[in-house]
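Participant: My structure is below; once you've seen it, I'll send some questions.
The values are calculated or read from the model by the stated rules, or taken from the named source; none is laboratory data. Only a predicted model underlies this, so the values are computations on that prediction, with no experimental measurement involved. When we count neighbours, we look across all protein chains shown, and the Cβ atoms used for this are built from the backbone with ideal geometry, even at glycine.
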Amino acid sequence: MNVDTLVMMANQIARNVPVRGDEAAIAATAAHIREFWEPRMIGALRAARPDTLNAVARAALARLER
């Protein structure tokens, strides 16, 4: 998968999380990525330009780095 596809997928996950506030959306997005994505997909997403990710996806990616 290319980075553009991974960015699109991460943004879709972030948009489709039920609205329960930003913190819940960030946690749910991070959990989904951690559970279902291969490590190389996450690594490729980290290489994406941060401005291509929406705010929730960007924060979820940062949470995965902790």
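Participant: Consider only pairs whose beta carbons are under 7 Å apart and that are at least six residues apart or on different chains; among these, list those whose first residue lies in the stretch 37-66 and is β-branched (Val, Ile, Thr) and whose second residue is surrounded by 10 or more Cβ atoms within 10 Å (Cβ to Cβ) and part of a helix (DSSP H, G or I).
Facilitator: ILE42/ILE33; ILE42/LEU64; THR52/VAL7; VAL56/ALA14; VAL56/ASP22; VAL56/ALA25; VAL56/ILE26; VAL56/THR29
Participant: Hey, can you tell me all the residues within the stretch 1-27 that are in contact with a Ser or Thr (Cβ under 7 Å, 6 or more places away or on another chain) and modelled with pLDDT of 90 or more?
Facilitator: Those that are in contact with a Ser or Thr (Cβ under 7 Å, 6 or more places away or on another chain) and modelled with pLDDT of 90 or more: VAL7, ILE13, ALA14.
Participant: Hey, among the residues in the stretch 1-26 that are aliphatic (A, V, I, L, M) and more than 21 Å from ALA47 (Cα to Cα), which one's surrounded by the fewest Cβ atoms within 10 Å (Cβ to Cβ)?
Facilitator: Step by step, filter the stretch 1-26, then rank; the result is VAL19.
Participant: Separate question: Would you pick out the residues in the stretch 8-45 that are acidic (Asp, Glu) and within 16 Å of ALA62 (Cβ to Cβ)?
Facilitator: ASP22, GLU23
Participant: While we're here: Taking the condition modelled with pLDDT of 95 or more and out of contact with any Gly (no Cβ under 7 Å at 6 or more places or on another chain), does ALA30 pass?
Facilitator: yes
Participant: Against the definition (within 11 Å of the chain's Cα centre (by Cα) and surrounded by fewer than 17 Cβ atoms within 10 Å (Cβ to Cβ)), how does ARG34 come out, yes or no?
Facilitator: Yes, satisfied.
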